[in-house]
Amino acid sequence: MAEWTEDELARVGTADELQISSRRPDGSFRPYVTIWVVRSGDDLYVRSAYGSRNPWYVRARRSGSGRIRAGGVEREVLFSDAEASASPGIDAAYHAKYDRYGPRIVNTVVGPDAPQTTLRLVPTDDE
């Protein structure tokens with residue numbers, strides 16, 4: 001399994017937005033959707049605002065893999081469940097990065113229900 005480089009973690013982790021695309025059953029990629037991304041430790045995470053029925057999230061969970069691009073980085077990834085113990089750090093990262101947008105918006109990706117829709121982005125060797 002591949003790992004993020006420190007440069008990739010920094011560039012993606014500081015990017016305001018990430019574009020995410022899930023893989024279709026035929027191997028092609030769906031159109032990109034723009035979402036927020038955070039870095040916590042040596043991992044990158046995304047969460048579905050407005051819950052588990054958000055279409056991009058449903059497709060990502062179903063496919064299990066896709067492609068991301070942010071901060072000049074473009075990588076194929078696996079969409080992995082985040083460890084429950086990572087949730088406080090992920091919440092803190094979302095607050096630190098996005099609180100400037102106000103609580104109404106940030107509260108869509110933090111709080112007690114957020115861990116259920118958290119995906120860890122795991123880079124793959126596929127290019």
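Could you tell me which residue of the stretch 57-84 is modelled with the highest pLDDT, considering only residues that are surrounded by fewer than 18 Cβ atoms within 10 Å (Cβ to Cβ) and touching a helix residue (DSSP H, G or I) at 6+ places or on another chain (Cβ under 7 Å)?
Of everything passing the filter in the stretch 57-84, G72 is modelled with the highest pLDDT.
Out of the stretch 94-127, which residues are hydroxyl-bearing (S, T, Y), assigned to a helix (DSSP H, G or I) and surrounded by 13 or more Cβ atoms within 10 Å (Cβ to Cβ)?
Y94, Y98, T117
Does S87 qualify as being touching a residue at least 12 places away in the same chain (Cβ under 8 Å), surrounded by 15 or more Cβ atoms within 10 Å (Cβ to Cβ), touching a helix residue (DSSP H, G or I) at 6+ places or on another chain (Cβ under 7 Å) and in a helix (DSSP H, G or I)?
Here the answer is yes, as S87 does meet what is asked.
Being modelled with pLDDT of 95 or more, touching an Asp or Glu at 6+ places or on another chain (Cβ under 9 Å) and within 21 Å of S52 (Cβ to Cβ) is the filter here, so list the residues in the stretch 91-108 that pass it.
Scanning the stretch 91-108 gives a single hit, Y98.
Looking for whichever is charged (D, E, K, R), at pLDDT 95 or above and either surrounded by 21 or more Cβ atoms within 10 Å (Cβ to Cβ) or under 25 Å from N107 (Cβ atoms) (or both) here; the options are D16, D42, D26. Which one fits?
The conditions single out D16.
Within the stretch 49-56, identify whether any single residue is touching a Pro at 6+ places or on another chain (Cβ under 8 Å) and surrounded by fewer than 20 Cβ atoms within 10 Å (Cβ to Cβ), and answer yes or no.
no
What number of residues in the stretch 23-45 are of a type outside the set (A, V, I, L, M, F, W, C) and closer than 23 Å to S87 by Cα?
Total satisfying the criteria: 7.
The values are calculated or read from the model by the stated rules, or taken from the named source; none is laboratory data. Fair warning: this is a prediction, and the values are worked out from it, not measured in the lab. When we count neighbours, we look across all protein chains shown, and the Cβ atoms used for this are built from the backbone with ideal geometry, even at glycine.
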